[in-house]
Every structure is written in C-alpha cells, then in structure tokens.
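Q: Attaching a single structure in structure tokens format; questions to follow.
The values are calculated or read from the model by the stated rules, or taken from the named source; none is laboratory data. For clarity, every value in this text was computed on a predicted model and none was experimentally measured. Note: ideal-geometry Cβ built from the backbone for every residue, glycine included; neighbour counts use all protein chains shown. Calculation scope for accessible area: heavy atoms of the full protein, side chains included, ligands and nucleic acids excluded. Shrake-Rupley method; radii C 1.70, N 1.55, O 1.52, S 1.80 Å.
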Amino acid sequence: MPPPGSVSEDTGASLLQIGGLAALVAMGALLLALLVRLVVRMSRAAAADEPAPPPPAPAPPRVAGPATPRPAAAGHHPVGRRSPGTGAQRAVTGPRRPLQMVAADLRRLTGELSMVPGGLSAERRRDLLAAYDDVLMEAAELLQVPHRLRTEPPATRELERLRLLSQLEAAGLVVSG
C-alpha cells in the first residue's frame, strides 16, 4: 500500500492518459473550428466574385404628349413650383427611366451598402458606390435637385451623398422602407 499523499503508478498513468485524451479532443475542436472558418471565407470570396445580375431592360419610349407643350419658364418647374438651382435646363439625351424605377434602385443599393460584408473586396465596394452615385445623380436630375457629386473630392463625397439624399427625401422621394 502506498504511503499517504503519494500517487500510485496506476493512478499517475491513468491521469496521464486522461490529460492526453483531453489534449486530443481540444486539438480536434480547434482544427474543426479552423476548417469551418476557412470554408466560410471561401464561400464569401466566391459570392463576391459572382457576376452582377444583368441590368433591367430599358423602359419603352414614352409616347409624346400634346403637340405643342407649353415651355416652362426659366428657373421654374413645369407645374409652376420654383425649381432649385440656376434654372438652366439640361438637354435630355435619351429616354429617362420613370422615377419609381430610380427610387427602387436607390432603395436596393442603399440596402446593399448598409449590409456590406467585411470580406468584400475594395474593388466591389468601389463599384457599388459608383452605381449608388449614378442612381443618386439620376434621381437628382429627375427631381431637379442640385448636387456636386461629380465635382466633390473623394474625401468629402460621403457628406455630399448624405446631403443629396436628404434633399431628395425633402423633395418627396421615398428612399427608406
């Protein structure tokens, strides 16, 4: 019989076996966690590299209204409300999309930008912001809201986006929801 306070060889061997087993289980769990993390990163990278869905088909050309529409006064909205800015009208180069489609695109891009995953490439984020800017400028032109997105330096462009977004909402465009 071993003296009190000492550990027998059988007990020491079994403790060593239990410790080795616990270390193996911990290493297995660590390897499993690393494998899961690798698979998640690879799936995010593959999702970011997928091509964007094709753009919607252009709207059919609008049918002309009355033969001789009354021209708007310089600096005034066609309905009679004063338009912001200098009043200089930009010539329409092609068919414009309806405001409802522009607003839907703006809501969709706003949602995509608000939920950008952390692993998104800088190029994909830059492309997403460029598309967002294009739709913001299109909405601003439709509602005749002045903007400086084209001329604003990159350091302050986000502030101009927020200012333009609030101006568009003040003009009646529903961006959220």
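Q: Take the residues of region 115-136 that are in contact (Cβ under 8 Å) with a residue 24 or more places away in the chain and not acidic (Asp, Glu): which is most open to solvent (accessible area, probe 1.4 Å)?
A: Ranking the qualifying residues of region 115-136, first place goes to Arg124.
Q: Now a separate question. Which ranges mark the helices (runs of 4 or more DSSP H) fully within region 61-177 that have 2 or more residues being under 30 Å from Arg41 (Cα atoms) and modelled with pLDDT under 90?
A: Counting at least 2 such residues, we get 99-114, 122-143.
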